[in-house]
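The values are calculated or read from the model by the stated rules, or taken from the named source; none is laboratory data. Quantities reported herein were computed from a predicted structural model and do not represent experimental measurements. All Cβ positions, even for glycine, are placed from backbone atoms using ideal geometry, and neighbour counts span all protein chains on display. Side chains are part of the model used for accessible areas, which takes the heavy atoms of the whole protein and leaves out ligands, DNA and RNA. Shrake-Rupley method; radii C 1.70, N 1.55, O 1.52, S 1.80 Å.
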Amino acid sequence: MSQSTEALIASSQLITAMFVFGELFADKSNAINFVKTIVRCTRPGAFFLLVDSAGSFSSVKVGNNTYMAYMFFDSLKQYFEPVVEDDSKWFRHAQGLDYPLPIENMRYFVRLYKRK
């Protein structure tokens with residue numbers, strides 16, 4: 001990541017990653033660098049919000065095992081304290097909602113971490 005991005009992370013009280021992990025983990029090297037940057041640059045007391053699909057879009061295969069994206073941050077307990085953890089939450093749109101494109105209900109996970 002660029003120095004300006006790292007400076008923005010370091011100066012932020014809330015860093016968000018919403019619905020990006022499928023694309024991020026397509027290149028595992030970039031994903032590992034992202035995680036390292038978040039760990040290194042997030043200041044103590046700041047929050048990191050992770051929200052993504054609870055389906056297979058947010059799973060990563062490593063060897064013979066498959067992991068959900070949040071498991072990578074869950075394993076960083078020496079750096080981040082979990083504040084909110086929900087592996088499966090539903091968003092359901094209002095009945096009768098009229099929109100030009102089809103809208104679907106979705107299941108997602110949410111994690112809110114506080115940097116130690």
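Considering the chain as a Gaussian network with a 10 Å cut-off on Cα pairs, which listed residue, Ile15, Ile38, Ile103, attains the greatest mean-square fluctuation?
Looking only at Ile15, Ile38, Ile103, the biggest GNM fluctuation is shown by Ile103.
What figure in square angstrom, to the nearest 10, would you give for the accessible area of Leu8 with a 1.4 Å probe?
120
What percent do you get for the relative contact order of the chain when only Cα pairs under 8 Å and 6+ apart count? Mind showing how you got there, number by number?
Values: 171 pairs, mean separation 34.6, N = 116.
With pairs under 8 Å counted, the relative contact order is 30 percent.
Counting only heavy atoms of the protein chains, get the accessible area per residue of the chain (1.4 Å probe) and round it to a whole Å² value. Intermediate results must be reported in sequence, preceding the final value.
Values: 7400 Å² over 116 residues.
Result: 64 Å² per residue.
Accessible area of the chain with a 1.4 Å probe: how many percent of it is carbon plus sulfur?
Working: 4100 of 7400 Å².
Solvent-exposed carbon and sulfur of the chain make up 55 percent of the total.
Just checking my list (1) 1.17; (2) 1.45; (3) 1.09 against Cα Rg over 2.2 N^0.38 Å computed from this structure; which label fits?
Label (1) holds the value from this structure.
Could you state the angle between the C-alpha long axis of helix 28-41 and the longest principal axis of the C-alpha atoms of the chain, as a value from 0 to 90 degrees rounded to the nearest 10?
So the inclination is approximately 60 degrees.
Specify the residue with the greatest mean-square fluctuation among Gly63, Gly55, Gly96, computed from a Gaussian network of the chain linking alpha-carbon atoms under 10 Å apart.
Taking springs between Cα atoms under 10 Å, the residue moving most is Gly96.
Which of the residue pairs Lys28/Lys116; Lys28/Lys61; Lys89/Lys116; Lys36/Lys77 have a Cα-Cα distance greater than 21 Å in the structure shown? Write down the numbers at each step before the final one.
Details: Lys28/Lys116 26 Å; Lys28/Lys61 10 Å; Lys89/Lys116 26 Å; Lys36/Lys77 14 Å.
In this structure, Lys28/Lys116; Lys89/Lys116 exceed 21 Å between Cα atoms.
In a GNM of the chain with a 10 Å cut-off on Cα contacts, which of Glu81, Glu104, Glu23 has the highest mean-square fluctuation?
Taking springs between Cα atoms under 10 Å, the residue moving most is Glu104.
For Tyr70, Tyr79, Tyr113, give the ranking by accessible area with the largest first, probe 1.4 Å. Let's see the in-between values first.
Numbers: Tyr70 25, Tyr79 80, Tyr113 0 Å².
Order by accessible area, largest first: Tyr79, Tyr70, Tyr113.
Give me the net charge for the shell around Phe91: Cβ to Cβ below 11 angstrom, other residues only, Lys and Arg +1, Asp and Glu -1.
Details: positive: Lys89, Arg92, Arg107; negative: Glu104.
Local charge sum for Phe91: +2.
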